[in-house]
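One structure is given here, and the rest of the page talks about it.
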There are 2 protein chains.
Amino acid sequence: MQMSQGVEWALHTCLNLSWLPPDQAVPTGKLAAFYELPAAYLNKQLQALVRAGILSSQPGPRGGFRLARAPEDITLLDVVLAIEGPDEAFVCNQILRHGPGGRPEVDYRQTCLLARGMRRADIAWRRELAAQTLAEIREDVERHFPETPRNTRARFAGQ
Amino acid sequence: MQMSQGVEWALHTCLNLSWLPPDQAVPTGKLAAFYELPAAYLNKQLQALVRAGILSSQPGPRGGFRLARAPEDITLLDVVLAIEGPDEAFVCNQILRHGPGGRPEVDYRQTCLLARGMRRADIAWRRELAAQTLAEIREDVERHFPETPRNTRARFAGQ
DNA sequence: GTTCAGATACTCGGATAGGGACTGTCCGAGTCCTATTGG
DNA sequence: CCAATAGGACTCGGACAGTCCCTATCCGAGTATCTGAAC
């Protein structure tokens, strides 16, 4: 099991956008050049973020992507779910239905205690991701690396 | 991101084995027939459990698989890691290294605050899985479905 | 000088190929059981 | 009757194809800007 690397791209890109003025749109090319990523593929991830309501897009000259809402209202879980989809990692295929005494009308995704145990872990994972907003991460970065905001703005302002 | 369905097979199989006397070995064919699973593919998953020290195998007639240690010493995390591998879901590819001011000698898997946030969630997930032992799950099942142990034993004893 | 229309260049969005991992299957190495034969 | 041996059947373990999703790319639809001319 391995998460798509698009998650990493999306997280860093959203964090970079959080340092820019809210009305500044950045096109895919500049966002990709920041980390030397393939622009067309990054664009695909950004589309998913737009569909999730995390980014807003604008076509044409002076167009690009910007944050659709405040960094305080964007959690790590929001970004991860936008890229990876809403389904949880462990999917219960209800093999108990094919076992001895299996009833077709029972929803074993709810009753199976193993599925419930896996769900408990998934909930803990989501709770931890939902507890971290983009604004908090940004503050942490500014505390540890004070020059990052200025460098980021300069990189996107240049040209 | 979706977990291999072999995890579900492995979990249920280990749980079934926990109801049998510790010296009873069950071959792949019977374990697969219990849930109508493809025997050869289930065997592949059981091999992984043997390599992880969760099951022990014995070839030849009267051979098969049995739990290698007590259900109290087998956690859900042990089974999941045996099938899925030890790596965590989010892998930090250190794209900060290719960004402005990226240093080749820095290990960004440790310093990147986004990677750290994702790691926090992964740790919470593993902590929750490690907190549930196979023995506790077994007791829960016996409490909710008292006839399950007898049915399981009968199914494996029959023939 | 101002305004309007056309052309242009730029950007997003979805549709289109390629590769790796999960899924599924098969056959060989090793082991235990059993039947037979000789004492 | 007992023991040894040879054969057979059974099981695990790793090696071999098929399929789906992630990766990567390209081109068309739409929009803001710029230029030029007309008023």
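What follows draws every value from the coordinates through simple rules; no lab data is involved. Here the structure is a predicted model, which means the values were calculated and not measured. Heads up, the Cβs are rebuilt from the backbone with ideal geometry, glycines too, and the neighbour counts pull from every protein chain shown.
So the values come out like this:
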{"item": "Overall dimensions of segment A:40-118 as given by Cα atoms, namely Rg and Dmax in Å", "result": "19.8, 64"}
{"item": "Partner chain coverage, peptide A:105-114 - average Cβ within 10 angstrom", "result": "3"}
{"item": "Rounded if a/c under 1.5, otherwise prolate or oblate - segment B:59-103, Cα gyration tensor axes", "result": "prolate"}
{"item": "Per-copy distances of the A:R69 label point, shortest first, in nm (7 angstrom along Cα→Cβ)", "result": "4.5"}
{"item": "Footprinting exposure proxy for A:S18, B:S57, A:S56 (fewest neighbouring C-beta atoms within 10 Å first)", "result": "A:S56, B:S57, A:S18"}
{"item": "Span per principal axis, largest first, for the Cα atoms of segment B:20-85 (Å)", "result": "29, 24, 19"}
{"item": "Inter-copy spacing of B:V91 label points, which lie 7 Å from Cα along Cα→Cβ, given in nm from shortest upward", "result": "2.2"}
{"item": "Residue-by-residue Karplus 3J(HN,Hα) for segment B:82-87, coefficients 6.51, -1.76, 1.60, Hz, glycine and proline x", "result": "4, 8, 8, x, x, 5"}
{"item": "Partner lysines for A:K30 [C-alpha distance under 23 Å; skip if fewer than 8 residues away on the same chain]", "result": "A:K44"}
{"item": "³J(HN,Hα) computed for each position of segment A:3-18 - Karplus, 6.51 cos²θ - 1.76 cosθ + 1.60, integer Hz, glycine/proline x", "result": "6, 4, 6, x, 4, 4, 4, 5, 4, 5, 5, 4, 4, 4, 5, 5"}
{"item": "Interchain or long-range residues, amide H under 5 Å from A:S57's placed H", "result": "none"}
{"item": "√(5λ) per eigenvalue of the Cα gyration tensor, chain B, largest first, Å", "result": "39, 17, 12"}
{"item": "Sites B:H144 and B:R120, calculated FRET efficiency, Cβ-Cβ separation with R0 30 Å, nearest 0.05", "result": "0.35"}
{"item": "Loop-located trypsin sites (Lys or Arg not before Pro) in segment A:51-105 whose Cβ has at most 12 other Cβ within 10 Å (DSSP)", "result": "A:R62"}
{"item": "Within 10 Å of each Cβ in A:92-98, the average number of Cβ atoms from other chains", "result": "4"}
{"item": "Qualifying GluC sites (Glu not before Pro) for segment A:59-129 [loop in DSSP, other Cβ within 10 Å: at most 12]", "result": "A:E105"}
{"item": "Karplus-derived 3J(HN,Hα), 6.51/-1.76/1.60, for each residue of segment B:71-77, Hz, glycine and proline x", "result": "x, 5, 9, 10, 9, 4, 4"}
{"item": "At q = 0.07, 0.12, 0.14 Å⁻¹, base-10 log of I(q)/I(0) for the protein assembly as shown (Debye sum, equal scatterers on each alpha carbon)", "result": "-0.38, -0.84, -0.99"}
{"item": "Cα pair distances exceeding 14 angstrom across segment A:13-55, given as percent", "result": "48 percent"}
{"item": "Computed helical MRE - 222 nm, the protein assembly as shown, DSSP H runs ≥ 4 contributing -39500 (n - 2.57), nearest 500", "result": "-16000 deg cm²/dmol"}
{"item": "Other-copy label distances relative to B:G53, 7 angstrom Cα-Cβ extension, nm", "result": "4.8"}
